[in-house]
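All remarks here apply to the structure that follows.
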Amino acid sequence: MTAPDDIDLTFLPVTTDRIADFETFFGASGSPNYCWCMAWRPMPSQLRSAKGPVKKAMMLERIEAGEPVGLLAYHGGAVVGWVSIAPRDTYRPLGGPKAAADENVWSLACMFLKRGIRSHGAASRLVSAAIEYASAEGATIVEAYPVEPDSPSYRFMGLVPSFERLGFTFHGMAGTRRHVMRFDLAP
């Protein structure tokens, strides 16, 4: 699939109406179906090393309960991308600063784009859509945990320069690789 810079993308939240699209996307070859985006979400410790089907069931349970989990990116009716964006308290600790009483922090914990869509500005558009969605849901801050471009791990969390270009600011480190970056939505 070739993807010009102006590729038409639509971003929609994962809801019970879109579970089939979510399952199809995550279940496809080459997708992140080993984790079903449960790596940073709370789960019983004995299930952390569970295989994809167990993690899929836990994620579907969250969606069916109406919990915000993220957005799907569509092109031509097919899902081509995903971003995990949800209230920070629905994740395990990711390393950001303690939220002030008047802050509603949402975390952008990972993203995935199909090959052919990558490197065409789609990741920035995915992050921008996540910011808009979090804002519409009442977030006052979007927090992300990207890494430097030469990082050997955590690249699914995004790259620091991309977040800087979108206006995120550095707020410390979470471990040795992940940068805690925030986008302030407060007026």
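Rule-based calculations on the coordinates, nothing more; no lab input. Given the structure is predicted, the values throughout are model-derived calculations rather than measurements. When we count neighbours, we look across all protein chains shown, and the Cβ atoms used for this are built from the backbone with ideal geometry, even at glycine.
Annotation for region 7-15: at least one member residue is part of a loop (DSSP other than H, G, I, E, B), among the polar types (S, T, N, Q) and under 21 Å from residue 142 (Cα atoms). When you check residue 52 against the structure, is it touching a Cys at 6+ places or on another chain (Cβ under 8 Å) and farther than 22 Å from residue 140 by Cα, yes or no? Yes, satisfied.
What is the residue count in region 140-173 for residues that are outside any loop (DSSP other than H, G, I, E, B) and under 20 Å from residue 83 (Cα atoms)? It would help to see each step written out before you state the result.
Of the residues in region 140-173, the ones outside any loop (DSSP other than H, G, I, E, B) are 141-144, 147, 155-157, 159-165, 169-173.
Keeping just the survivors that are under 20 Å from residue 83 (Cα atoms) gives 141-144, 147, 155-157, 159-165, 169.
So the count comes out to 16.
Contact map, region 172-187: first residue touching a residue at least 60 places away in the same chain (Cβ under 8 Å), second residue of a type in the set (Ser, Thr, Tyr) and in a strand (DSSP E or B), Cβ cut-off under 7 Å, separation 6 or more or different chains; pairs are 182/169.
If the requirement is being more than 22 Å from residue 10 (Cα to Cα) and surrounded by 20 or more Cβ atoms within 10 Å (Cβ to Cβ), which of these qualifies: 142, 147? Steps first, answer last, please.
Details: 142 fails: more than 22 Å from residue 10 (Cα to Cα).
Matching residue, one of 142, 147: 147.
Kindly establish whether residue 145 is of a type outside the set (Val, Ile, Thr), in contact with a helix residue (DSSP H, G or I) (Cβ under 9 Å, 6 or more places away or on another chain) and free of Cβ contacts under 8 Å to residues at least 60 places away in the same chain.
Yes: the conditions hold for residue 145.
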